[in-house]
Structures are given as C-alpha cells and as structure tokens.
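Student: Handing you a structure now.
The values are calculated or read from the model by the stated rules, or taken from the named source; none is laboratory data. Computed from a predicted model, the values in this text were never measured in an experiment. Quick reminder, even Gly has a Cβ in these numbers, built from the backbone with ideal geometry, and neighbours come from all protein chains shown. These accessible areas exclude ligands, DNA and RNA; they are computed on the full protein's heavy atoms, side chains included. Shrake-Rupley method; radii C 1.70, N 1.55, O 1.52, S 1.80 Å.
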Amino acid sequence: MLDLLRERNFRLLWIGQLCSQFGDRLTQLVLIGLAAVHASGSTLTLAKVMVMTSLPALLLGPFAGVYVDRWDRKQTMIACDLIRVAGILVLPWAAAAGRIPLYLDIFLLFSVGSFFVPARLAMIPDVVPPGQLGKANALFTTSGMIGSALILLVGALLVERFGAARTSGVNGLAYAASAG
C-alpha cells in the first residue's frame with residue numbers, strides 16, 4: 001500500500017476521495033438535521049428528503065458514466081465538487097425557504113454526485129502503476145468503509161454541537177478541499 005501512496009497522482013486522488021467522502025457523509029447528516037428542525041421531526045419529510053437523495057442516481061446514473069467517459073475526468077470531479085460547495089452552502093437557506101427549494105437543492109447536490117462517482121472510479125486505473133489496480137481498489141474500499149463510520153460519528157457530533165446550518169459550512173470546506 002505504501003508504494004501506491006508514494007505515487008503522487010494516486011495519493012492526491014485518494015486524499016481527494018477522503019475529503020469528498022467526508023462531504024458526502026456530512027451532507028447526509030446535515031439533511032437529517034435540517035429536516036428535523038424545519039419539519040418538526042416529521043418522518044414523512046425525512047423520507048422525502050431521502051428519496052430526493054436517491055432519485056438522481058436512478059434517473060441519471062445510467063447516463064452519467066457515458067458522459068463522464070467523454071469528458072476530462074479530473075475536470076469533471078473538480079467541477080462537481082465546486083457545484084456541491086455552492087449547493088451545500090445554500091442548503092440552510094433552501095430549507096428555511098420551504099420544501100420545494102430544499103428538495104430542488106438536494107436533487108442538484110445528488111445529481112452532481114451521479115457524475116462525480118463514475119469519474120472517480122474511472123480515474124483510478126489512470127493513476128495506478130501497472131499491476132497495482134487490485135491494491136488500489138482495496139485501499140479505496142477499505143478507507144471508504146472505515147472513513148464512513150468515523151465520519152458519521154464526527155459529523156453527528158458537529159451537527160449536534162453546532163447545528164445543521166453551521167455544519168454545512170464545514171461541509172462546503174470538505175468539498176472545496178476535494179476539488180483542491
């Protein structure tokens with residue numbers, strides 16, 4: 001694994017993935033926090049929010065990979081992260097403005113993710129030395145699983161301590177770091 005992390009391009013992609021993953025998990029927690037605040041803990045509202053997070057993958061997923069294969073993957077990932085910075089920063093406003101702006105913002109955030117993920121996955125073979133793809137995929141998967149658990153814990157503490165609206169600023173920083 002250390003050989004892989006010595007490869008500059010792989011290391012940067014891996015670090016970017018960790019930052020992006022932090023943003024993704026934090027987004028989920030911020031959404032739950034905003035739904036709890038603006039909908040008095042309504043289970044139906046939370047279900048609608050979760051549907052809006054899944055709908056883009058269902059509608060755009062089959063097509064996103066086709067476009068990503070034609071685009072510059074690195075630029076696609078950077079553009080997706082920058083759009084997600086904007087989307088997450090307006091999320092508290094959208095939640096306060098009403099359900100329609102909130103649902104549209106969520107749909108946008110997760111639509112962008114439908115393009116980010118295939119770009120990231122397609123990028124791994126481009127930055128890995130020959131014969132190292134299995135190790136690279138294992139590192140991405142393992143760090144993703146461990147990271148998700150830790151990020152959910154840290155993110156829950158952030159949302160609990162600072163509130164969903166303030167935590168969205170940290171969330172935006174995570175996506176900006178990934179773009180960087």
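Student: If the elastic network links every pair of Cα atoms under 10 Å, which of LEU31, LEU58, LEU89 fluctuates the most in the Gaussian network model of the chain?
Tutor: With Cα springs under 10 Å in the chain, the top fluctuation among LEU31, LEU58, LEU89 is at LEU58.
Student: Eigenvalues of the Cα gyration tensor times 5, then square-rooted: what semi-axes does that give for the range 1-99, in whole angstrom, largest first?
Tutor: Largest first, the range 1-99 gives 31, 17, 12 Å.
Student: How many nm separate the modelled label positions at VAL66 and LYS48, each set 7 Å beyond the Cα in the direction of the Cβ?
Tutor: 3.2 nm
Student: For the chain, what is the accessible area per residue in Å², given a 1.4 Å probe and the full set of protein chains?
Tutor: Spelled out: the 1.4 Å probe surface of the chain, per residue, equals 53 Å².
Student: Under the definition of Cα pairs under 8 Å and six or more residues apart, what whole-number percent is the relative contact order of the chain?
Tutor: Result for the chain is 44 percent.
Student: Okay, moving on. Leaving ligands, DNA and RNA out of it, rank TYR175, TYR103 by accessible area with a 1.4 Å probe, largest first.
Tutor: TYR103, TYR175
Student: Please give the residues of the range 24-48, grouped as numeric ranges, whose backbone N is less than 19 Å from a label point set 7 Å along the Cα-to-Cβ vector of LEU157.
Tutor: Zone members listed by number: 24-30, 33.
Student: To continue, here is another question. May I ask for the net charge around VAL49, where only other residues with Cβ less than 11 Å from the Cβ of VAL49 are counted and Lys, Arg are +1 while Asp, Glu are -1?
Tutor: +1
Student: Return the carbon/sulfur percentage of the accessible area of the chain, one whole number, probe 1.4 Å, all protein chains in place.
Tutor: On the chain, the fraction of accessible area on carbon and sulfur atoms equals 68 percent.
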